[in-house]
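To start, the structure under review is shown below, and the notes come after it.
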Amino acid sequence: MSSDQTPAAPSLRARFREVEDERRRTWPPQALAININQRTTLVAEHGRTPHVHIGDVLPATTLTATDGTQVSLDDLVADGPAVLVFFRFAGCPACNIALPHYRDTLWPALRAAHISLVAISPQPAALLGDIATRHDLPFPVVTDPALSLSRALGITYVYDDASREAAQAKGGTSQALNGTDGWELPKPAIIVIGPGRVVRFVDISPDWMDRTETPVILKALGIPAKAHPHAA
């Protein structure tokens with residue numbers, strides 16, 4: 001490898017596999033089973049309810065970023081496409097892998113192509129800001145109050161009883177999670193929209209430990225993965 005080349009970053013799948021392996025070694029069996037069972041159920045049930053598809057038009061929406069600025073979907077696509085990254089919440093371990101990964105592997109190529117990227121979670125902004133500052137994210141992180149946009153897209157799920165009870169046993173509350181009385185979150189998703197808020201690409205991950213890889217997103221945008229050394 002020449003001195004001016006940068007090694008490709010590990011794929012998200014490889015990073016998540018490392019986490020899975022560590023959990024199998026270190027987590028109590030009951031905690032591990034609760035996590036795996038919820039994810040397995042979501043995968044099995046995905047597709048039984050309607051969700052957003054290519055060609056759909058997203059509702060006109062303005063969301064608030066963690067720094068207080070307003071982010072309008074119409075403004076994002078005024079001059080071309082935009083990438084929307086739906087994620088769970090600031091303390092989600094998988095989200096703390098995925099968002100920095102997109103920062104390093106996806107954002108540079110999008111910035112060079114003048115394409116916006118926005119990360120979206122229903123968590124209240126006061127708590128959501130932690131993930132933006134922790135990883136010095138250069139793109140907006142915005143809150144989706146009461147999961148209004150996520151629900152409109154059909155990408156949310158509700159904690160099963162065991163997952164909810166486990167979260168509550170650790171001191172978690174639904175209000176801290178999403179600002180509502182319900183234990184509901186978006187399934188991680190990548191949605192590319194163009195002018196008019198028309199959906200050009202959708203990839204929903206019912207298993208939050210298996211998310212869209214950067215080269216797939218770049219391909220959907222017509223950007224060669226080789227345009228950025230970390231995108232492999």
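Numerical summary
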{"item": "Pairs, first in contact (Cβ under 8 Å) with a residue 12 or more places away in the chain in the range 13-38, second open to solvent by less than 90 Å² (accessible area, probe 1.4 Å) and of a type in the set (Asp, Glu), C-beta under 9 Å, six or more apart", "result": "Arg13/Asp210; Arg13/Glu213; Phe16/Asp210; Ile34/Asp160; Asn37/Asp160; Gln38/Asp160"}
{"item": "Positions within the range 69-96 being surrounded by fewer than 12 Cβ atoms within 10 Å (Cβ to Cβ), more than 21 Å from Ala109 (Cβ to Cβ) and in contact (Cβ under 8 Å) with a residue 24 or more places away in the chain, in sequence order", "result": "Thr69"}
{"item": "Looking only at the range 163-173, and only at residues there that are free of Cβ contacts under 8 Å to residues at least 24 places away in the same chain and of a type in the set (S, T, N, Q), the one that is farthest from Ala125 (Cα to Cα)", "result": "Gln168"}
{"item": "Selection from the range 196-224 of residues that are open to solvent by less than 30 Å² (accessible area, probe 1.4 Å), at pLDDT 95 or above and more than 12 Å from the chain's Cα centre (by Cα)", "result": "Val199, Thr214, Ile217, Leu218"}
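Yes/no per residue for (1) in contact (Cβ under 8 Å) with a residue 60 or more places away in the chain; (2) more than 17 Å from Ile204 (Cα to Cα); (3) part of a helix (DSSP H, G or I):
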site: Leu117; (1), (2), (3): no, no, no
site: Ile120; (1), (2), (3): yes, no, no
site: Ala126; (1), (2), (3): no, yes, yes
site: Ile131; (1), (2), (3): no, yes, yes
site: Leu137; (1), (2), (3): no, yes, no
site: Val142; (1), (2), (3): yes, yes, no
site: Gln175; (1), (2), (3): no, yes, yes
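Yes/no matrix, rows are residues, columns are (1) in contact with an Asp or Glu (Cβ under 6 Å, 6 or more places away or on another chain); (2) over 19 Å from Ala152 (Cα atoms); (3) part of a loop (DSSP other than H, G, I, E, B); (4) open to solvent by less than 60 Å² (accessible area, probe 1.4 Å):
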residue	(1), (2), (3), (4)
Leu32	no, yes, no, yes
Thr41	no, yes, no, yes
Gly47	no, no, yes, yes
Pro50	no, no, yes, no
His53	no, no, yes, no
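The values are calculated or read from the model by the stated rules, or taken from the named source; none is laboratory data. Just so it is clear, the model here is predicted, and its values are computed rather than measured. So basically every Cβ, Gly included, is an ideal-geometry build from the backbone, and we count neighbours across all protein chains shown. Surface areas here come from the heavy atoms of the whole protein model, side chains and all, with no ligands, DNA or RNA. Shrake-Rupley method; radii C 1.70, N 1.55, O 1.52, S 1.80 Å.
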